[in-house]
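Novice: This is the structure I want to talk about, given as structure tokens.
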């Protein structure tokens, strides 16, 4: 499974995990369908897709009638195809499992009582620590039940008094007027949606290293930069010995949406070359991190016209850089070298993912230099077959915003 920011990498597989918690389950859900999509029986893919989609729909913090219908359809897909596990000897003879039966009640209970956010295994685990383990540790281990009860009563009294003090402070002191966020010395907010370091941390990277397979592997960096300068009105020919400042990452702030929660989510697009191990500093070798991203484009695509994905296309960001000072073109924004994937089509009927391949021109990658403000957010691509770097699946389960974008078509989950 390829590395992706925000998705846990089980480097030893999942068989070695001895104790599963809610966190491990959620991390596995992000990649489970992508793992089996290429090689499993079609009915198994449909069953897993239905169950994974149901889990994501059920975890939404805000529902509509449409999302509940989609949740029910996902569960129906699972039930219609789950017998494949019995046929393939994954189950002995039935699915009489209480947790599987409970799934049928989710839609009705959500309609009655509201969304199911907070109803997961992590909540009782946390309460067990707060109300049992910590209380027991505060006792002297003798007649501990009475001591635990007294300790909890005192904790509740302190919590109530703290809340009262906070309320009195807010009512007694007028709130200051809101001010715009000010960036610190190390970073500058380029727009409301993303931020990047004010100066590139690596300031003298030769073009030959950017092009090299042992560097950023941006094989068409010089031709793409030449085209970019010419389209900007400058007849200037970049050279292989020119040096550039490069950034390691660009940070995006995904908007708050009611379906996911009231917090802004951080989204990174990384473009770092591999670094060798160092014996002197005991630094381990680090592989390259060349992330995939959604890019704004002006091209027409009838398959996405009128949808949340209109005007967007997937590309791999291989280097984020700054032009040398002696270049005639002065860009106020960082530039990025990208290699395009084919335009988005309809999701696959079996796994529900968009299928993509690398776009080519003249038997080589379709490369382009763009300004960084055209980058929207990162995306996770999963190779469809092991050892084959040709066809990829666009993972809609990598995070809540991605699920709402690809499955529900919500455009308000993208940075503006």
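Here, each number is a calculation from the coordinates, and none is a lab measurement. Because the structure is predicted, anything quoted here is derived from the model rather than measured. Don't worry about glycine lacking a Cβ; one is built from the backbone with ideal geometry, like all the others, and counts go over all protein chains shown.
Novice: Summarise the long-distance tail of P(r) for region 123-172 by giving the % of C-alpha pairs beyond 15 Å.
Specialist: Roughly 55 percent, once rounded to a whole number.
Novice: To the nearest Å, what is the center-to-center distance of region 40-70 and region 190-256, using C-alpha atoms only?
Specialist: Cα centroid of region 40-70 versus Cα centroid of region 190-256: 40 Å apart.
Novice: Let me ask something else about it. Helix 65-81: angle to the longest alpha-carbon principal axis of the chain, degrees 0 to 90, nearest 10?
Specialist: The angle comes out near 90 degrees.
Novice: Ranking 148, 52 by Cβ neighbours within 10 Å, fewest first, what do you get? All intermediate terms of the calculation are to be shown ahead of the outcome.
Specialist: Details: 148 18, 52 23.
Listed from fewest to most nearby Cβ atoms, that is 148, 52.
Novice: Can you give the convex hull volume of the alpha carbon atoms of the chain per residue, in Å³?
Specialist: 243 Å³
Novice: By how many nm would the segment from residue 99 to residue 301 grow when fully extended, if each residue of separation counts as 0.36 nm and the alpha-carbon distance is taken off?
Specialist: Details: separation 202, 0.36 × 202 = 72.72 nm, distance 4.29 nm.
Separation in residues times 0.36 nm, less the Cα-Cα distance, equals 68.4 nm.
Novice: Starting from the coordinates of the alpha-carbon atoms of region 187-413, obtain the Kirkwood hydrodynamic radius over all distinct pairs and give the value in Å to one decimal.
Specialist: Across region 187-413, the inverse of the average 1/r is 18.7 Å.
Novice: Based on other C-beta atoms within 10 Å, arrange 369, 211, 382 from fewest to most.
Specialist: By the 10 Å Cβ count, ascending, the order reads 211, 382, 369.
Novice: Further, regarding this structure: Name all residues of region 350-368 having a backbone nitrogen under 18 Å from the label point set 7 Å from the Cα of residue 390 along its Cα→Cβ direction, giving them as ranges.
Specialist: The answer is 355-366, whose backbone nitrogens lie closer than 18 Å to the label point.
Novice: Something else: So, in nm, how far is label residue 166 from label residue 61 when the simple model puts each one 7 Å beyond its Cα toward the Cβ?
Specialist: 1.6 nm
Novice: Quick check of the Kirkwood formula: for region 31-120, what is the inverse mean of 1/r over all pairs of different Cα atoms, in Å?
Specialist: Working: mean 1/r = 0.0719 Å⁻¹.
Radius from the Kirkwood sum: 13.9 Å.
Novice: Additional query: Calculate the translational D of region 9-54 in whole µm² s⁻¹ from Stokes-Einstein, where the hydrodynamic radius comes from the Kirkwood formula applied to all Cα pairs, the temperature is 10 °C and the viscosity 1.306 mPa s. Walk me through the intermediate numbers first.
Specialist: Values: Rh = 11.6 Å.
Stokes-Einstein gives a translational diffusion coefficient of 137 µm²/s.
Novice: Expressed in whole Å with the largest first, what are the equivalent ellipsoid semi-axes of region 234-324 derived from the C-alpha gyration tensor as the square root of 5 times each eigenvalue? Kindly include the intermediate steps, with their values, before the conclusion.
Specialist: Working: eigenvalues 202, 112, 29 Å².
Square roots of five times the eigenvalues give 32, 24, 12 Å.
Novice: Ranked by Cβ crowding within 10 angstrom, fewest neighbours first, how are 279, 68 ordered?
Specialist: With the fewest neighbours first, 279, 68 line up as 279, 68.
Novice: Pop a pseudo-label 7 angstrom from the Cα along the beta-carbon direction at both residue 327 and residue 73 and give the gap in nm to one decimal.
Specialist: For the pair residue 327/residue 73, the computed spacing is 4.7 nm.
Novice: Further, regarding this structure: If each of residue 230 and residue 131 carries a label point 7 Å out from its Cα toward its Cβ, how far apart are those two points in nm?
Specialist: 7.1 nm
Novice: Right, something else. Nearest 10 degrees is fine. How inclined is helix 144-172 to the longest principal axis of the chain, computing both from alpha carbons?
Specialist: The angle comes out at about 50 degrees.
Novice: Let me ask you something else. Cα convex hull of region 293-344: mean projected area in nm², to one decimal?
Specialist: 4.5 nm²
Novice: A further question follows. After finding the eigenvalues of the alpha carbon gyration tensor for region 39-176, what semi-axes result from the square roots of 5 times each, listed largest first in whole Å?
Specialist: Square roots of five times the eigenvalues give 44, 25, 12 Å.
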